[in-house]
């Protein structure tokens with residue numbers, strides 16, 4: 001297979017991946033705390049094509065990695081006392097059977113024992129490394145901007161908000177959660193801004209994503225036409241070479 005075909009196919013493969021990511025962004029427009037993702041592409045991979053009778057340098061297209069926009073999403077007021085949103089940097093910390101998980105999705109609830117949990121029951125961790133426990137019979141829950149949880153003036157704990165020096169070290173693992181390697185630099189946000197009765201919406205911008213989808217679709221169609229033309233040229237060249245002199 002000649003170089004043009006290889007370059008075109010590598011571009012199509014990358015464009016398909018870009019389309020999948022864009023479609024996932026659009027599907028999560030309404031997901032609380034979701035962060036938009038984008039494909040990072042590289043025009044000059046380490047392995048380059050070469051041809052004795054053609055250009056001395058040909059570039060494939062390769063997927064370099066995944067970029068994630070951790071920018072602030074808009075806050076939406078829900079009025080539910082256990083819904084929380086972080087303004088600024090940081091993540092809520094959840095204690096799961098697989099270890100610590102981090103999220104911006106603050107749609108929390110209280111289980112039968114009074115533990116503050118995520119929707120699937122994972123305890124929300126406090127600054128001391130223990131779950132936040134609330135007395136179901138002690139009255140309304142008040143959560144201050146610094147994450148302090150209290151009932152009738154009695155402090156039940158302070159919600160941990162964890163900040164990472166390099167958010168690129170975080171890996172998405174599904175359910176709108178992230179995991180971090182043990183050596184990732186992290187610290188507790190000493191003065192977080194936590195809003196009670198709000199959730200952070202997705203930071204996906206639908207118009208931009210739809211525009212991106214259209215651009216990817218047009219690029220894919222353009223590459224397909226190029227490959228068809230290249231195939232046609234190759235076919236005609238073979239036919240001519242096969243004719244008797």
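Details
- Breaking point among (1) surrounded by 13 or more Cβ atoms within 10 Å (Cβ to Cβ); (2) in contact with a strand residue (DSSP E or B) (Cβ under 7 Å, 6 or more places away or on another chain); (3) in contact (Cβ under 8 Å) with a residue 12 or more places away in the chain, for residue 119: (1)
- The stretch 148-162 - residue that is closer than 17 Å to residue 125 by Cβ and at pLDDT below 95 and, of those, surrounded by the fewest Cβ atoms within 10 Å (Cβ to Cβ): 155
- Of the strands (runs of 3 or more DSSP E) contained entirely in the stretch 1-87, those carrying at least 2 residues that are at pLDDT below 70 and surrounded by 15 or more Cβ atoms within 10 Å (Cβ to Cβ) fall at 62-68.
- Long-range neighbours under 7 Å by Cβ, at least six apart or interchain, first residue more than 20 Å from residue 79 (Cβ to Cβ) within the stretch 129-142, second loosely packed, with under 13 Cβ neighbours inside 10 Å and at pLDDT below 95: 138/152
- Per this entry, residue 119 is not counted among residues that are in the same structural domain as residue 98 (by TED's automatic domain parsing) and touching a helix residue (DSSP H, G or I) at 6+ places or on another chain (Cβ under 6 Å).
- In the stretch 88-99, the residue that is farthest from residue 163 (Cα to Cα) out of those that are out of contact with any strand residue (DSSP E or B) (no Cβ under 6 Å at 6 or more places or on another chain) and surrounded by fewer than 16 Cβ atoms within 10 Å (Cβ to Cβ) is 97.
- Residue check, residue 184 outside the structural domain of residue 22 (by TED's automatic domain parsing), more than 28 Å from residue 109 (Cα to Cα), touching a strand residue (DSSP E or B) at 6+ places or on another chain (Cβ under 7 Å) and part of a loop (DSSP other than H, G, I, E, B): yes
- Some residue of the stretch 91-106 being in a strand (DSSP E or B) and over 17 Å from residue 177 (Cα atoms): no
The values are calculated or read from the model by the stated rules, or taken from the named source; none is laboratory data. Predicted model only: the values in this text are computed from it and were never measured. Virtual Cβ from ideal backbone geometry, glycine too; neighbours counted across all protein chains shown.
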